[in-house]
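Working notes, structure below.
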Amino acid sequence: MERTDGRKPDMLRPCEMQVGFVGTADGSCLIRCGGTRVICTASVEESVPPFLRGQGMGWVTAEYAMLPASTGRRKARDGVKKDGRSVEISRLIGRALRQAVDRRFLGERTITIDCDVLEADGGTRTASITGGFVALCCAIDKLMQKGKLKESPIVHQIAAVSAGIVSDTPCLDLCYVEDSAAQTDMNFVMDETGAFIELQGTGEGRAFSRDELNEILNLGEKGIRELHAMQRQALGEKAGVIAPRRTLVIASNNQHKIREISEMLDDSMQVISMREAGFTGEIDENGETFEENAVIKAQAVAKATGYCALADDSGLAVDALDGAPGVHSARYAGVHGDDAANNALLIENMKDVAQEDRTAQFVCAMALALPNGETHTVLGSCPGVITYAPRGEGGFGYDPYFEYLSGETFAEMPEEEKNRVSHRALAMRAMLPYLEEL
């Protein structure tokens with residue numbers, strides 16, 4: 001089959017994206033796909049719809065319209081009541097672009113993507129989504145440059161394209177002449193992982209087979225990959241707002257703790273101490289439980305720094321001492337962080353406790369606080385017994401006196417093994433699903 005514009009069946013129309021086309025907008029992109037041209041602008045408002053107020057989350061919405069001269073025959077302007085097609089496409093664009101954003105990191109603000117079609121030659125909705133994403137990225141970059149956002153909320157790259165069957169031939173990116181005569185017409189909205197956000201397909205001239213569907217899907221995926229590359233090229237340095245590695249502030253300056261957590265997370269996040277994040281204030285850990293103290297620390301650091309914050313409150317709970325030292329583990333002897341004095345007091349208080357009653361647990365409550373106030377907590381507990389004398393040269397705190405089920409104290413264990421079985425390791429494993437969502 002020979003296409004009307006001479007393209008091969010698997011080729012996109014010539015596509016250009018011009019960033020910053022509208023200087024007064026927070027973000028803008030003029031996109032041209034063949035004979036279709038759409039101005040996409042992003043406008044930021046420091047408010048959200050009533051149903052989102054007080055939730056610490058933002059909103060992304062869209063409006064689509066065709067200018068009167070965008071088609072060969074004048075199209076009447078949308079009045080107070082828009083035509084059904086414009087409403088349907090507006091909703092599609094909004095749904096698609098909301099998938100690009102983790103709205104918890106947008107703050108209580110609304111970004112509206114306006115897509116105005118200058119010329120229509122097929123694929124106006126897919127061009128609007130593709131160009132709208134670029135305009136959205138520009139607006140996010142501007143918010144970050146102004147210091148209103150610490151990190152980008154963009155978590156996925158979104159683009160859209162059409163494909164269909166024309167004269168029994170699967171074709172990519174249909175122009176108007178092809179679209180109007182297509183036997184099958186489909187629209188794809190996909191992210192950078194190849195996952196579908198929206199898939200619209202209709203057998204208009206005839207039904208289509210599973211094999212034909214697979215061919216059309218392959219064409220759509222190919223087109224999306226090419227459009228993603230074009231989006232990044234058009235954005236240039238602004239493409240850095242797309243799915244950056246999230247920063248995680250550990251609500252501590254204890255380098256042992258920070259190193260352990262960093263190793264558990266591998267390189268999936270940028271892990272920094274609260275001092276490195278610029279937090280130097282004092283936190284009053286006045287909670288009565290490990291969980292309460294962890295939440296107090298995490299929320300204080302997240303609010304002050306604008307980053308996600310991970311805090312833990314860890315300690316030793318000895319059964320014979322009714323759970324002491326508990327939340328006072330770090331200051332059991334009166335001075336915070338005096339390991340020698342804390343251990344001496346522990347052993348003194350347990351001098352008359354028989355071997356079979358020297359059971360204990362290291363407990364770790366962990367809290368993850370997001371800048372919007374959302375907080376998650378988990379608990380990890382590691383069983384053991386308290387020895388009569390210290391063993392081992394590693395670890396810190398009560399580690400030389402805490403004998404694990406393996407017969408080794410935490411101070412005798414290789415650090416890699418301790419990081420696998422410790423209370424903090426167990427809490428971190430429980431926390432990983434929440435971290436992976438960031």
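What the table below lists for this structure:
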item	result
In nm, spacing of pseudo-spin labels at Asn214 and Arg429 (7 Å Cα→C-beta vector)	4.0 nm
All lysines inside 21 Å of Lys222 as judged from Cα atoms, apart from same-chain residues fewer than 8 positions distant	Lys8
Amide H within-cut-off set for Val166, under 5 Å, with H built and near neighbours excluded	Cys171, Gln183
Relative contact order %, region 289-331, counting alpha carbon pairs below 8 Å whose residues are six or more apart	34 percent
Kirkwood Rh (inverse of mean 1/r, distinct Cα pairs), the chain, angstrom	25.2 Å
Debye, to nearest 20: dipole size of region 12-95, +1 on Lys, Arg Cβ, -1 on Asp, Glu Cβ	540 debye
Translational diffusion of region 229-296, µm² s⁻¹ [Kirkwood Rh, Cα pairs; Stokes-Einstein; 20 °C; 1.002 mPa s]	146 µm²/s
Test item: Cα-centred dipole of region 185-303, Lys/Arg +1 and Asp/Glu -1 on Cβ, debye	380 debye
The chain: calculated mean residue ellipticity at 222 nm from DSSP helix runs of at least 4, using -39500 (n - 2.57)	-9500 deg cm²/dmol
For region 1-43 and region 209-238, distance of Cα centres in Å	14 Å
Estimated FRET transfer efficiency when R0 is 41 angstrom, pair Ser381-Ala243 (beta carbons, to 0.05)	0.70
Residue (of Phe396, Gly326, Thr202) at the positive-pole extreme of the chain, dipole from beta-carbon charges	Thr202
Set of aspartates and glutamates with alpha-carbon distance to Lys351 below 19 Å, sequence-local pairs under 8 removed	Asp319, Asp322, Asp339, Asp399, Glu403
Once the Cα gyration tensor of region 172-256 is diagonalised, semi-axes √(5λ) in Å	40, 16, 9
Calculated P(r) tail over 22 Å for region 68-206, as whole % of Cα pairs	47 percent
Added length on full extension, which subtracts the Cα-Cα distance from 0.36 nm per residue, Thr4 to Ala320	105.2 nm
Gain on full stretching of the segment that runs from His256 to Gln145 - 0.36 nm per residue minus C-alpha separation	36.5 nm
Difference of contour (0.36 nm per residue) and Cα-Cα distance, Ala344 to Arg391	15.5 nm
Directionally averaged shadow of region 324-438, computed from the convex hull of its alpha-carbon atoms, nm²	8.2 nm²
Dipole of the chain, positive direction: furthest Cα of Ala135, Ile347, Gly287, with charges on the beta-carbon	Ala135
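Taken together, the values in this text are just the output of simple stated rules run on the coordinates, not laboratory data. The structure displayed is predicted, hence computed values, not measured ones. All Cβ positions, glycine included, derive from the backbone under ideal geometry; neighbour counts span all protein chains shown.
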